[in-house]
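Here the structure comes first, spelled out in structure tokens, and everything after it is commentary.
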Amino acid sequence: MVFVLPGVKFDLEMIKKYDTPAPRYTSYPPATELNTEFTISDFHTAIGASNYRKSPLSLYFHIPFCQTACYFCGCNTVISQNKNIAKPYIEHLAREINNMAPLIDTDRRVLQIHWGGGTPNYLNQEQVKFLWRQITDNFNIDSQAEISIEINPRYVDQDYIFFLREVGFNRISFGIQDFNPQVQIAVNRIQPEELLFDVMGWIKAAKFDSVNVDLIYGLPHQTLQTFRETVSKTIALDPNRIVVFNFAYVPWMKPAQKNIPQVALPQPQEKLEILKMTIEELTTNKYLFIGMDHFAKENDELAIAQQNRTLQRNFQGYTTHAGTELLGFGATSISMLHDAYVQNHKQLKNYYQAIASDTLPISKGVKLTQDDIIRRDVIMSIMSHFHLHKQNIEDKYHINFDKYFTNELEALAQLQADGLVNISTKDIEVTDIGRLLVRNIAVIFDNYHQTKAQRFSRAI
């Protein structure tokens, strides 16, 4: 069965065929390639090279704490009602900033800042102001920087929302997941519809530049009709961006998911119907299908960045500034330099010990080879722009594209036969249906995937 949507051809049988595990390509190589052989000395070398390039920066700050556990969550979190645990964490985070900042060329401008989690609004106002001062005192923040924060709408009031705007945040994100009360109970995230509309009203009154909301399809007790109601209410909220995640049920990796009854999960056919309906409803209500799971209004920076080919992916998903290098702060955060990725310790004890000894709290990393960098460029072009001009890769890396990727082009022939890509002598173009399965196209160029496929979620 084939459905034709605005800009998207939806072939359920084709989607079933390609619904296989693949990375989300928030990086290449994927984060699964980070290893403990990478040293702090390697990172210092990579920072030196980064300073020489003078690339602009993105900064990420991880706040791991949540007051309650959401059973669907796959993030690295610390669940506690005792907010006193945030105090030592913020102090260590400030010390990490002060240890890292002298290594960074002060001429490098920060174009993006993001606070994620966990729940960043777990912090009280004084803690937010303290951390904000550490950032602004140590980095060269561009006057037009995008400064975003994730919030849990259950734990904010109007005063806190206006406070965040006054501090300097201009973009905000919050999770809806599903409006249906039965679904909310099943995943332990109860947030009444009235609350969500109140929070959105406060955000708009505070004049944030952009609002992103998250939905998840595939949760327990969801049906086509109930999720249609969720999508309708989400459209009524009128956010600038909507991200629609596929729920990956992996209780062997995320123990909290054992609380979710597997028998209550929608069957694969209904899950696909839910996805089809969601794309149809959003694209007919003036949201552009950016790709994979992101939707944005045509005047949103995300849509504009895709049009201008400045869209890229990092560990926060799609981002609007190609060419920036990412520095991550806090437990479990990841830094992405041009030729090296590093991750901080996940456990607070190990993170604290490293900071206390004035050592960068790195637990593992990976140095990228030239082949990694070439393949990353190809994969990110496909993931972000759904188009690759071979000549750009040839000119940039002094290779013959068709010879370098002989095996990959042969593998793409089947995807072309199925209508996912169009391949010419000059270009690789992802089709409308291919946009839904873009991970399956990108994975063709992944040298690491063959032995790691079981470690990733399914494409749909």
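Structural remarks
- Checked against (1) surrounded by 16 or more Cβ atoms within 10 Å (Cβ to Cβ); (2) at pLDDT 95 or above, Ala205 passes all but a single condition, namely (1).
- Exactly one residue out of His385, His389 is without any contact (Cβ under 8 Å) to a residue 40 or more places away in the chain, open to solvent by less than 60 Å² (accessible area, probe 1.4 Å) and out of contact with any Pro (no Cβ under 6 Å at 6 or more places or on another chain), and it is His389.
- Which listed residue, of Ala417, Ala411, is small (Gly, Ala, Ser), in contact (Cβ under 8 Å) with a residue 12 or more places away in the chain, outside the structural domain of Phe289 (by the TED database) and more than 21 Å from Thr320 (Cβ to Cβ): Ala411
- Any hit, the range 350-359, residues being out of contact with any Pro (no Cβ under 6 Å at 6 or more places or on another chain), assigned to a helix (DSSP H, G or I) and of a type in the set (D, E, K, R): no
- Single condition Gly330 does not satisfy, out of (1) open to solvent by 30 Å² or more (accessible area, probe 1.4 Å); (2) touching a His at 6+ places or on another chain (Cβ under 6 Å); (3) on the phi > 0 side of the Ramachandran plot: (1)
- Residue satisfying condition, being within 19 Å of the chain's Cα centre (by Cα), of a type in the set (Asp, Glu) and within 19 Å of Tyr71 (Cβ to Cβ), within set Glu146, Glu150: Glu150
- Any hit, the range 74-84, residues being at pLDDT 95 or above and touching a Lys or Arg at 6+ places or on another chain (Cβ under 9 Å): no
- Within the range 153-166, the set of residues being of a type outside the set (S, T, N, Q), open to solvent by 30 Å² or more (accessible area, probe 1.4 Å) and more than 23 Å from the chain's Cα centre (by Cα) comprises Asp157, Asp159, Phe162, Glu166.
- Qualifying residue in the range 128-146 (condition: buried (at least 20 other Cβ atoms within 10 Å of the Cβ), of a type in the set (A, V, I, L, M, F, W, C), at pLDDT 95 or above and in contact with a Ser or Thr (Cβ under 7 Å, 6 or more places away or on another chain)): no
- Taking helices (runs of 4 or more DSSP H) as the structural unit, no element lying wholly within the range 217-312 holds at least 3 residues that are in the same structural domain as Leu420 (by the TED database) and either modelled with pLDDT of 90 or more or out of contact with any Gly (no Cβ under 7 Å at 6 or more places or on another chain) (or both).
- Within the range 187-222, the set of residues being within 20 Å of Tyr71 (Cα to Cα) and β-branched (Val, Ile, Thr) comprises Val187, Ile190, Val213, Ile216.
- Filtered residue count, the range 428-460, keeping only those that are modelled with pLDDT of 90 or more and loosely packed, with under 14 Cβ neighbours inside 10 Å: 1
- Within the range 333-368, the set of residues being open to solvent by 50 Å² or more (accessible area, probe 1.4 Å), free of Cβ contacts under 8 Å to residues at least 24 places away in the same chain and of a type outside the set (S, T, N, Q) comprises just one member, Lys349.
- Complete set of residues in the range 176-209 that are outside any helix (DSSP H, G or I) and more than 24 Å from Ile135 (Cβ to Cβ): Ile176, Gln177, Asp178, Phe179, Asn180, Val187, Asn188, Arg189, Ile190, Gln191, Pro192
The values are calculated or read from the model by the stated rules, or taken from the named source; none is laboratory data. As the structure is a prediction and not an experimental result, all values here were calculated from the model. Methodologically, a virtual Cβ is constructed for each residue, glycine included, from the backbone with ideal geometry; neighbour enumeration extends over all protein chains shown. The protein model used for the area step is the full one, side chains on, heavy atoms only, and it has no ligands, DNA or RNA in it. Shrake-Rupley method; radii C 1.70, N 1.55, O 1.52, S 1.80 Å.
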